[in-house]
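J.: I have a structure here, written as C-alpha cells, and I will follow up with some questions on it.
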There are 2 protein chains.
Amino acid sequence: MKIQNDILLRTLRGELCERPPVWLMRQAGRILPQYRSVRASLSGFKELVTTPTLAAEVTIQPVDELGVDAAILFSDILVIPEAMGLDYEMIEKKGPSFPKVIQTAADIEALSFGKPAADQLTYVYDAIAETKKGLSGRVPLIGFAGAPWTLLAYMVEGGGSKTFSKARRLLYADPALAHKALDKITTTIIAYLQNKVEAGVDAIQVFDSWAGVLSADLYREFCIPYLKRICEAITDVPVIIFAKDAWFAFDELARLPANALGMDWTMEPSWARSIAGPDKVLQGNLDPCTLYADAKTIEAETWKMIRSFGQHHIANLGHGVYPDTPLDGVKTFVNTVKAFRYQEVA
Amino acid sequence: MKIQNDILLRTLRGELCERPPVWLMRQAGRILPQYRSVRASLSGFKELVTTPTLAAEVTIQPVDELGVDAAILFSDILVIPEAMGLDYEMIEKKGPSFPKVIQTAADIEALSFGKPAADQLTYVYDAIAETKKGLSGRVPLIGFAGAPWTLLAYMVEGGGSKTFSKARRLLYADPALAHKALDKITTTIIAYLQNKVEAGVDAIQVFDSWAGVLSADLYREFCIPYLKRICEAITDVPVIIFAKDAWFAFDELARLPANALGMDWTMEPSWARSIAGPDKVLQGNLDPCTLYADAKTIEAETWKMIRSFGQHHIANLGHGVYPDTPLDGVKTFVNTVKAFRYQEVA
C-alpha cells in the first residue's frame with residue numbers, strides 16, 4: 001500500500017524535504033486521554049502489549065489526535081528477553097521485574113534464541129497487521145527493538161537500575177560470557193526485526209536506552225559490533241539507532257550503516273553535525289521538559305532546534321515524552337514543526 | 001598542623017608530583033567492615049551524619065584500612081536543604097525523601113539561607129575538628145557540598161529521580177523563580193564551605209551529581225554562574241568541581257577558577273586533555289565496576305588510566321565506589337596507584 005504522508009521515509013532515504021518530519025517517542029501513551037481510557041479498562045500493561053487489536057488501537061491514537069508523521073507500534077523492548085525464556089512483570093510505578101535473571105554460563109546456554117524465539121512473538125506481528133489496516137497508508141509505521149546491550153542489562157540486573165552495576169560487572173568479570181549472551185540476543189533481535197518487516201513495518205528504530213552507563217571502551221567492544229550486525233541485516237527498510245547518552249561513541253555510531261541517528265537533549269546540534277557531517281540524518285532532540293512551558297517558549301525552542309540541525313533532520317524529543325506532559329504542549333510542538341518550511345531560513 | 005602526606009595538596013596546587021594522589025568517592029562507607037559494624041549499631045544513616053565522634057571515626061577508617069592520600073568528611077549533601085528549612089529522611093535502600101518540597105514563590109521566600117542557615121550545622125564543624133584531631137596531620141581532609149542545581153533538584157523533586165523532570169520543568173516554566181532559589185542556595189553553600197574551611201578542612205569538593213539531566217543551554221544558564229561564585233568565594237583552600245555527566249559543559253567547567261575538575265568514566269582522558277589542556281588538574285575516572293574484576297585487570301586498567309591522563313592528575317573512580325565492591329579490589333586499585341612513578345613512562 002502506498003504511504004500518503006511519506007515525509008519520514010523520504011527524509012530517511014536522504015531526500016531534501018520541505019520541513020522535518022515529526023513524531024514523539026512514547027507518543028502512544030499516557031499523554032493521550034484516549035490511551036488512558038483504554039488502559040483503565042485493562043488488568044495491566046502487558047495485556048495491552050499482547051492483545052493485537054488493543055495495541056493497534058493505541059498505536060493509531062496519536063496519528064488521529066496529534067497529526068504526527070509516523071506511528072510507532074505500541075510494544076515493549078522486553079518482549080525479546082521473554083521470548084528467550086526470561087518472563088517479566090511490569091510493576092505499576094516501579095517498572096519491569098524479572099523473577100529469573102542470567103548469571104552463569106548455564107543460564108546463557110539455556111536461553112532460546114534466533115528465529116525460533118522470535119517466531120513466538122506472534123501477537124507483535126498480528127498487531128502490526130492490524131495497525132497497517134487501521135492506518136490505511138496514512139503514515140508509515142515504525143517498529144522497534146531494544147539494542148543488545150540494553151536487553152542484556154535488564155536480563156542480568158533483573159529490572160531497572162540507576163547504575164546497572166551487576167550487568168556492567170559481567171563485562172569486566174567475564175567478557176567472553178558477555179559476548180556469548182550478546183551474540184544470542186543479537187541473533188534474536190535480527191530475526192524479530194526481519195519478522196516485523198515482513199509483517200509490514202516501514203522503518204525500524206533500535207533503542208540503546210542504557211548506552212550511557214558504559215565507558216567508551218566498553219561501548220566499542222560490547223555494543224558497536226552488535227549494532228553493526230543489526231544494521232547490516234535489516235536491508236528492506238530504513239534503520240534509526242538511538243543510543244541514549246552515548247555521546248562518547250557518537251563518531252562510531254555515525255559510521256554505522258544506519259539511516260539515521262537519534263540524539264538525546266544533552267547533545268547540541270552543532271556538535272553532532274561537526275561529527276556526523278551535514279548529510280547524516282539526525283533525529284531529536286528537544287528536552288522533553290520544554291513541553292511543560294508556555295506555547296511561546298515551545299515554539300521558540302522548536303524553531304531553534306530545527307534551524308540548528310538544518311536539513312536531514314527528523315524532529316523529535318531527546319527522550320520519550322513524559323507521561324504528565326500537557327497535551328497542549330505536545331500539540332504546539334507538533335504543529336510548530338509542521339508549519340515550518342526550510343526556505344524560510346535560507 | 002603540618003600535613004605529612006601532602007601529595008593531594010601539592011597536586012592541587014599545580015606542582016608536578018612523583019605519582020598521582022589517590023582517594024575514592026564514598027571510601028568512608030559500606031565497602032569497609034569497620035564502617036558496617038559502626039553502622040549496624042545505629043538507628044540510621046542520619047545518626048551517623050549528625051554525631052561528630054562517629055562521623056569522624058568512619059571518616060578516618062579508610063585512611064587506616066586503605067592507605068588513601070586523603071580523608072573526605074562523612075556527611076551528606078542534603079544537610080544544606082535541611083538547614084534551609086526542608087527536613088529529609090534517608091530511607092533504607094530507597095534514598096532521601098523530603099516530606100515538604102519547594103513549588104511556589106512563597107515556598108522559596110520562606111527558606112532560611114546564607115550564614116544564619118549554615119551556622120546551624122554545628123555537628124558538621126564539630127565532626128571536622130574531631131577528624132582533624134584523629135588524623136593528626138597524616139593526610140588532608142576534604143570537605144564537600146552539593147552544587148546549587150543538584151540541591152535545587154532534590155528540593156523541588158522531593159527525592160531521587162531518574163529524570164528530575166519536576167525540577168527541570170521549573171527551569172522552563174519559571175526561570176526567574178529558579179534563579180531566586182539558586183541564589184539563596186548558593187549563598188548558603190558558600191557560608192557553609194567557609195565555615196568548613198574555618199573548622200579545618202584542607203580542600204573542598206563540590207558535587208553536581210545531577211548535572212547530566214540538563215541540556216548544555218540550561219547548564220550554562222542555571223549552573224555555571226553559581227559554580228563560579230562558589231569558586232571565587234573559596235580562596236583559602238583548593239576547590240575540586242565534579243559535575244557528573246556534564247560532558248557537554250566540560251569546556252566551560254574547565255574555564256572556572258577551580259583547582260581541579262572531576263570526571264566520570266564516560267569521559268576519555270585524551271578527550272578531557274584536548275579540552276582542558278595538559279596543565280589542568282583532572283580527577284577520576286576509573287569505572288567503579290572495574291574493581292569487580294581480578295587483580296590483573298584492575299592493575300592494567302589503572303595503569304592505562306594514569307598513563308592516559310599524564311601528570312596533573314588525581315586518581316579516583318568516575319563515581320562513588322559501589323557498596324558491594326570487594327575490599328581486595330579497592331586495595332589493588334589504591335596500591336597500584338601508590339606504586340606507580342611517572343618517570344617509569346618517560
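J.: For region A:263-308, name all the residues that are buried (at least 21 other Cβ atoms within 10 Å of the Cβ) and either among the polar types (S, T, N, Q) or at positive phi (or both).
T.: A:Thr266, A:Gln283, A:Gly284, A:Asn285, A:Thr290, A:Thr302
J.: Among the residues of region A:97-113, what is the count of those that are crowded, with 19+ Cβ neighbours inside 10 Å and either among the aromatic types (Phe, Trp, Tyr) or out of contact with any Ser or Thr (no Cβ under 9 Å at 6 or more places or on another chain) (or both)? Explain how you work it out, then say what you get.
T.: Looking only at region A:97-113, we keep the residues that are crowded, with 19+ Cβ neighbours inside 10 Å, and these are A:98, A:102, A:108, A:111, A:113.
Going one step further and asking which of them are either among the aromatic types (Phe, Trp, Tyr) or out of contact with any Ser or Thr (no Cβ under 9 Å at 6 or more places or on another chain) (or both), we end up with A:98, A:102, A:108, A:113.
Final tally of qualifying residues: 4.
J.: Another question about this same structure. Please go through region A:283-315 and pick out each residue that is closer than 23 Å to B:Ala167 by Cβ, more than 10 Å from chain B (Cβ to nearest Cβ), polar (S, T, N, Q) and out of contact with any Ser or Thr (no Cβ under 7 Å at 6 or more places or on another chain). Don't jump to the end; show me each part of the working.
T.: Let us first name the residues in region A:283-315 that are closer than 23 Å to B:Ala167 by Cβ, namely A:284-298, A:300-302, A:304-305.
Restricting the remaining residues to those that are more than 10 Å from chain B (Cβ to nearest Cβ) gives A:284, A:295-296, A:300, A:302, A:305.
Keeping just the survivors that are polar (S, T, N, Q) gives A:302.
None; the set is empty.
J.: Further question on the same structure: I'd like to verify a number: residues in region B:334-346 that are farther than 23 Å from B:Ile241 by Cβ and under 21 Å from the mean Cα position of the chain (by Cα), how many?
T.: Looking only at region B:334-346, we keep the residues that are farther than 23 Å from B:Ile241 by Cβ, and these are B:334-336, B:338-346.
Checking which are under 21 Å from the mean Cα position of the chain (by Cα) leaves us with B:334.
So the count comes out to 1.
J.: Being basic (Lys, Arg) and either on the phi > 0 side of the Ramachandran plot or part of a loop (DSSP other than H, G, I, E, B) (or both) is the filter here, so list the residues in region A:108-157 that pass it. Steps first, please.
T.: If we filter region A:108-157 for residues that are basic (Lys, Arg), which is where we start, we get A:115, A:132-133, A:138.
Across region A:108-157, the qualifying residue is only A:Arg138.
J.: Could you tell me which numbered condition A:Asp245 fails, if it satisfies all but one of (1) more than 11 Å from every other protein chain (Cβ to nearest Cβ); (2) on the phi > 0 side of the Ramachandran plot; (3) in contact with an Asp or Glu (Cβ under 8 Å, 6 or more places away or on another chain)?
T.: So A:Asp245 meets the others, but not (1).
J.: Looking only at residues in region A:322-346 that are in contact with a Phe, Trp or Tyr (Cβ under 9 Å, 6 or more places away or on another chain) and part of a loop (DSSP other than H, G, I, E, B), which one is farthest from B:Val213 (Cα to Cα)?
T.: By that ranking, first place goes to A:Phe340.
J.: Test A:Phe113 against the criterion of being within 28 Å of A:Glu221 (Cα to Cα) and out of contact with any strand residue (DSSP E or B) (no Cβ under 9 Å at 6 or more places or on another chain), and give yes or no.
T.: Numbers: within 28 Å of A:Glu221 (Cα to Cα): yes; out of contact with any strand residue (DSSP E or B) (no Cβ under 9 Å at 6 or more places or on another chain): yes.
So A:Phe113 fits the description; yes.
J.: Continuing with this model, one more query. When you scan region A:31-51, do you find a residue that is modelled with pLDDT of 95 or more, part of a loop (DSSP other than H, G, I, E, B) and buried (at least 18 other Cβ atoms within 10 Å of the Cβ), even just one?
T.: Yes, the conditions are met somewhere in region A:31-51.
J.: Which of the residues belonging to region A:68-93 are out of contact with any strand residue (DSSP E or B) (no Cβ under 8 Å at 6 or more places or on another chain) and loosely packed, with under 15 Cβ neighbours inside 10 Å?
T.: Just the residues of region A:68-93 that are out of contact with any strand residue (DSSP E or B) (no Cβ under 8 Å at 6 or more places or on another chain), to begin with: A:74, A:79, A:81-87, A:92-93.
Matches in region A:68-93: A:Asp87, A:Glu92, A:Lys93.
J.: Just for helices (runs of 4 or more DSSP H) wholly inside region B:158-277: which have at least 1 residues that are over 17 Å from the mean Cα position of the chain (by Cα) and under 30 Å from A:Glu299 (Cα atoms)?
T.: On the way: elements: B:165-173, B:175-199, B:216-222, B:224-233, B:250-255, B:269-276.
Filter on region B:158-277 gives B:165-173, B:175-199, B:216-222, B:224-233, B:250-255.
J.: So which residues in region B:69-93 are part of a strand (DSSP E or B) and aliphatic (A, V, I, L, M), if there are any at all?
T.: Applying the first criterion (part of a strand (DSSP E or B)) to region B:69-93 yields B:71-72, B:89-91.
B:Ala71, B:Ile72, B:Met90, B:Ile91, listed by residue number.
J.: Another one. Name the residue, out of A:Thr163, A:Thr188, that is more than 26 Å from A:Ile60 (Cβ to Cβ), surrounded by fewer than 24 Cβ atoms within 10 Å (Cβ to Cβ) and either in contact with a Phe, Trp or Tyr (Cβ under 8 Å, 6 or more places away or on another chain) or of a type in the set (A, V, I, L, M) (or both).
T.: Within the list A:Thr163, A:Thr188, the selection yields A:Thr163.
J.: Also, I was wondering about something else. Does B:Ala211 satisfy being within 19 Å of B:Pro175 (Cα to Cα) and among the aliphatic types (A, V, I, L, M)?
T.: Values: within 19 Å of B:Pro175 (Cα to Cα): yes; among the aliphatic types (A, V, I, L, M): yes.
Answer is yes for this residue.
J.: Over 27 Å from A:Ser215 (Cα atoms) and either within 14 Å of chain A (Cβ to nearest Cβ) or surrounded by fewer than 24 Cβ atoms within 10 Å (Cβ to Cβ) (or both): which single residue out of B:Arg220, B:Arg255, B:Arg229 fits that description? Walk me through it before giving the result.
T.: Details: B:Arg220 fails: over 27 Å from A:Ser215 (Cα atoms); B:Arg255 fails: over 27 Å from A:Ser215 (Cα atoms).
Step by step, each of B:Arg220, B:Arg255, B:Arg229 is checked, and only B:Arg229 is over 27 Å from A:Ser215 (Cα atoms) and either within 14 Å of chain A (Cβ to nearest Cβ) or surrounded by fewer than 24 Cβ atoms within 10 Å (Cβ to Cβ) (or both).
Matching residues to (1) more than 17 Å from the chain's Cα centre (by Cα); (2) free of Cβ contacts under 8 Å to residues at least 12 places away in the same chain:
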site	(1), (2)
B:Arg19	yes, no
B:Ala40	yes, yes
B:Lys46	yes, no
B:Thr50	yes, no
B:Thr53	yes, no
B:Thr59	no, no
B:Val68	no, no
B:Phe74	no, no
B:Ile77	no, no
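J.: Among the residues that make up region B:328-340, is at least one of them closer than 30 Å to A:Asp264 by Cα, out of contact with any strand residue (DSSP E or B) (no Cβ under 9 Å at 6 or more places or on another chain) and modelled with pLDDT of 95 or more? Before the answer, list the steps.
T.: Kept after step one, since they are closer than 30 Å to A:Asp264 by Cα, are these residues of region B:328-340: none.
Within region B:328-340 (the criterion being closer than 30 Å to A:Asp264 by Cα, out of contact with any strand residue (DSSP E or B) (no Cβ under 9 Å at 6 or more places or on another chain) and modelled with pLDDT of 95 or more), the answer is no, since none of the residues qualifies.
The values are calculated or read from the model by the stated rules, or taken from the named source; none is laboratory data. All figures in this text were calculated on a predicted structure; none of them were measured in a lab. Glycine gets a Cβ as well: all are built from the backbone with ideal geometry, and neighbour counts include every protein chain shown.
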